[in-house]
1. Which numbered condition in (1) loosely packed, with under 15 Cβ neighbours inside 10 Å; (2) modelled with pLDDT of 85 or more; (3) outside the structural domain of PHE76 (by TED's automatic domain parsing) is the only one that VAL135 fails?
2. Out of all the residues in segment 21-54, which are surrounded by 13 or more Cβ atoms within 10 Å (Cβ to Cβ) and closer than 18 Å to ASN84 by Cα?
3. Name the residues in segment 1-36 that are outside any helix (DSSP H, G or I) and within 13 Å of TRP65 (Cβ to Cβ), would you?
4. Any idea which of GLU72, GLU20, GLU35 is touching a residue at least 24 places away in the same chain (Cβ under 8 Å) and of a type in the set (Asp, Glu)?
5. Does GLU20 count as of a type outside the set (Val, Ile, Thr) and in contact with a helix residue (DSSP H, G or I) (Cβ under 8 Å, 6 or more places away or on another chain)?
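The values are calculated or read from the model by the stated rules, or taken from the named source; none is laboratory data. What you see is a predicted model; the values in this text were computed from it and never measured. Quick reminder, even Gly has a Cβ in these numbers, built from the backbone with ideal geometry, and neighbours come from all protein chains shown.
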Amino acid sequence: MNSIFTYTDYREYLNDFLREKRKKNPRYSSRCAAEKCGVPSGTFTRIINGTRSIGPSLLPKFSEWLGLKQRESNYFKLLVKFNNCSSTADRNKYFAELQAARAQVKHLVPENQFHFFEQWYFVALYELVKVFPNVSNPLQIGEKLEPPISESKTKKALEILEKAGFIEKTENGYRQCSSFLSTGDTWESAAIHAFQRTMTVLGSESLDRFRKPDRDISTLSVSLSIDG
């Protein structure tokens, strides 16, 4: 089973943990797990399927059942807070705390899912190498973005993308690899939310950055029913 630091959804972690328990002991049931966690079996089932959340008072029991050490337990608490909160401000706060916690154990974290949407220019560079496959100089590559980024930022970003398996070095430059990022779970969704916010700001700034002949921005107003 993967380390807890590779998870972004505590329910997914709970399901995987329960699955591992059943592999070792086919007779191990949700009722057994519920007893260990100090909750009725129905409550445990609702927590697992997402119709109920883990409250603060239950966290110690769940951490004990999961056999988590101190750092792992703290990360699990952050996961619960992150998944349970509803406001954007709280999600951003706990997202930052999760990033910091993962950074402390970076060697355990799958880099390809952690970094790709962290900076807008990571995605831009991923696409840029397809357009300019024969450019390898970080300074020249960074200057092709708008707004341009520094040589040091470009070099670091290329290293991250290469290490993650999104691009690979060729004789003359870089090329895209076939692998790409799945955006199916909560962690990536939060990262994408921050990425989209940044791209919205860049789009707004482009109204002043580019002359009208050099840009194409249109608006459209439509009326929709409440069901879309």
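1. Against the list (1) loosely packed, with under 15 Cβ neighbours inside 10 Å; (2) modelled with pLDDT of 85 or more; (3) outside the structural domain of PHE76 (by TED's automatic domain parsing), VAL135 comes up short only on (1).
2. Passing the criteria: THR43, PHE44, THR45, ARG46, ILE47, ILE48, ARG52, SER53, ILE54.
3. The first filter runs over segment 1-36 and keeps only residues outside any helix (DSSP H, G or I), leaving 1-3, 7-9, 25-29.
TYR28, the sole residue that qualifies.
4. Details: GLU20 fails: touching a residue at least 24 places away in the same chain (Cβ under 8 Å); GLU35 fails: touching a residue at least 24 places away in the same chain (Cβ under 8 Å).
None of the other options fit; the residue is GLU72.
5. Values: of a type outside the set (Val, Ile, Thr): yes; in contact with a helix residue (DSSP H, G or I) (Cβ under 8 Å, 6 or more places away or on another chain): no.
For GLU20, the condition - of a type outside the set (Val, Ile, Thr) and in contact with a helix residue (DSSP H, G or I) (Cβ under 8 Å, 6 or more places away or on another chain) - is not met.
Residues are listed down the side, and each one gets a yes or a no for (1) within 22 Å of the chain's Cα centre (by Cα); (2) in a loop (DSSP other than H, G, I, E, B); (3) modelled with pLDDT of 90 or more; (4) not small (Gly, Ala, Ser):
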residue: GLY142; (1), (2), (3), (4): no, no, yes, no
residue: PRO147; (1), (2), (3), (4): no, yes, yes, yes
residue: LYS153; (1), (2), (3), (4): yes, no, yes, yes
residue: LEU158; (1), (2), (3), (4): yes, no, yes, yes
residue: GLU171; (1), (2), (3), (4): no, yes, yes, yes
residue: SER179; (1), (2), (3), (4): yes, yes, no, no
residue: THR183; (1), (2), (3), (4): yes, yes, no, yes
